[in-house]
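One structure below.
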Amino acid sequence: MITNRMKIKNYKIADLLSNRKEEKRKSFAVLLDPDKVNFDTFPEFLETAIESEVDFFFVGGSLITNYAIDQLILAIQTHTKIPTILFPGNSLHIDPSADAILLLSLISGRNPDFLIGQHVIAAPMLKKSGLEVLPTGYMLIESGKLTTVSYISNTTPIPNDKPGIAACTAMAGELLGLKNIFLDAGSGALYPVPAEVIEAVRSSVDTPIIVGGGINSSEKALAAMQAGADVIVVGNGIEQNQNLLSEVAACVKMFNLQLEKVY
């Protein structure tokens, strides 16, 4: 079995994200919620992910009732070499068997528990875990409906027609030392993060930009990449459309191929 330590000993995910951002190359991440994974068919799904050249698996969610994170990570590491990155909803969602963790600070809200409180609780565990920590400014963008993450975090998303607010929030996060910015419309979003918001953030920060929520077609993935997203995240949409995984992967691959022709 390929272990997480074997997979990452020759590189750091932070360096990979930074280098790809500088090269303008895009990455594709699949968000896996342990509550929604069918472990009987999961090996087949992983085969499709390998064929589609998925770059990362984000593991986690805002609310997890089935604590099978370790089982999920083990399955991924048994069948693939794709890095697993924790996407924690709180300090309970930490598993040292992953490759890295998005240490999310919810900078779009004003709830201190998700700005620093959960981080204080998690710090000793993270220090001992050996996980690569990816400090990330997490920003919720209005998506047309109340999402689980906005409800659980008790925060109000940034209005999707206020790109200036999003840009200044991201800028503040970068100045505070956060190394990535994650723009999220939330699971099951009616519509994704608008291109205008992504463009405004891209023009304001030098960090890699991760964009997810509401990306349920290759057209929406392309629009996000053209606006400046470095990593496209798809999760809930795959449950609704089994072809979405391969469609978005092909879109990301084509974008990168066209980029190579330009340069």
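No lab work stands behind these numbers, since they all come straight from the coordinates. On a predicted model such as this, the values are computed, not experimentally measured, just so you know. Glycine also receives a Cβ, built like all others from the backbone with ideal geometry; neighbour counts cover every protein chain displayed.
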Item to check | Coarse-grained scattering of region 187-244 at q = 0.28, 0.31 Å⁻¹, given as base-10 log I(q)/I(0) from a Debye sum over alpha-carbon atoms | outcome: -1.14, -1.31
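When a footprinting reagent is the concern and you count Cβ atoms within 10 Å, what order do ARG25, ARG110, ARG202 take, fewest first? Could you put the intermediate results ahead of the total?
Values: ARG25 15, ARG110 11, ARG202 19.
Ranking ARG25, ARG110, ARG202 by Cβ neighbours within 10 Å, fewest first, gives ARG110, ARG25, ARG202.
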Checklist outcome for this item: Short to long, in 5 Å steps from zero, the percent of alpha-carbon pairs of region 1-156 per bin is 2, 8, 17, 21, 20, 17, 11, 4, 0
Next on the checklist: Spelling out what I want: for every residue of region 193-200, take phi, set θ = phi - 60°, compute 6.51 cos²θ - 1.76 cosθ + 1.60 (Karplus), and round to whole Hz; glycine and proline get x.
Outcome noted: 4, x, 4, 4, 5, 4, 4, 5
Item to check | Value of [θ]222 nm, deg cm²/dmol, for the chain, DSSP H segments ≥ 4, -39500 (n - 2.57) each, nearest 500 | outcome: -12500 deg cm²/dmol
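Using the count of nearby Cβ atoms within 10 Å as a rough guide to exposure, how do LEU17, LEU146 rank from fewest to most? List each step's numbers first, then the result.
Values: LEU17 23, LEU146 11.
With the sparsest Cβ surroundings first, the list reads LEU146, LEU17.
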Item to check | Debye intensity ratio I(q)/I(0), log10, region 142-260, q values 0.21 Å⁻¹ (C-alpha model) | outcome: -1.20
Next on the checklist: What distance in nm lies between label points placed 7 Å from Cα along the C-beta direction at ILE121 and LEU259?
Outcome noted: 3.7
Checklist entry - Quick one: if you stick a label point 7 Å off each Cα along the C-beta vector at ILE165 and ARG25, how many nm between them? => result 3.7
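Please arrange TYR191, TYR151 by how many other C-beta atoms lie within 10 Å of their C-beta, fewest to most.
Values: TYR191 17, TYR151 12.
Ascending number of Cβ neighbours within 10 Å: TYR151, TYR191.
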Checklist entry - Across region 94-192, how large is the tail of the calculated P(r) beyond 20 Å, expressed as a percent of all Cα pairs? => result 40
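Beyond 35 Å, how much of the Cα-Cα pair distribution for the chain remains, as a whole percent? Please report the intermediate quantities before stating the final value.
On the way: 2507 of 34453 pairs.
Value for the chain (Cα pairs over 35 Å): 7 percent.
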Checklist entry - Along region 130-138, what does the Karplus equation 6.51 cos²θ - 1.76 cosθ + 1.60 (θ = phi - 60°) give for ³J(HN,Hα), rounded to whole Hz, x for Gly and Pro? => result x, 5, 6, 9, 10, x, 9, x, 9
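Just to be sure I understand: if I project the alpha-carbon convex hull of region 125-164 onto a plane and average over all orientations, what area do I get in nm²?
Values: hull surface 17.2 nm².
Over all viewing directions, region 125-164 projects a mean Cα-hull area of 4.3 nm².
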Item to check | 3J(HN,Hα) from dihedral phi, region 89-97, Karplus parametrisation 6.51/-1.76/1.60, rounded to Hz, x for glycine, proline | outcome: x, 6, 5, 7, 8, 10, 9, x, 7
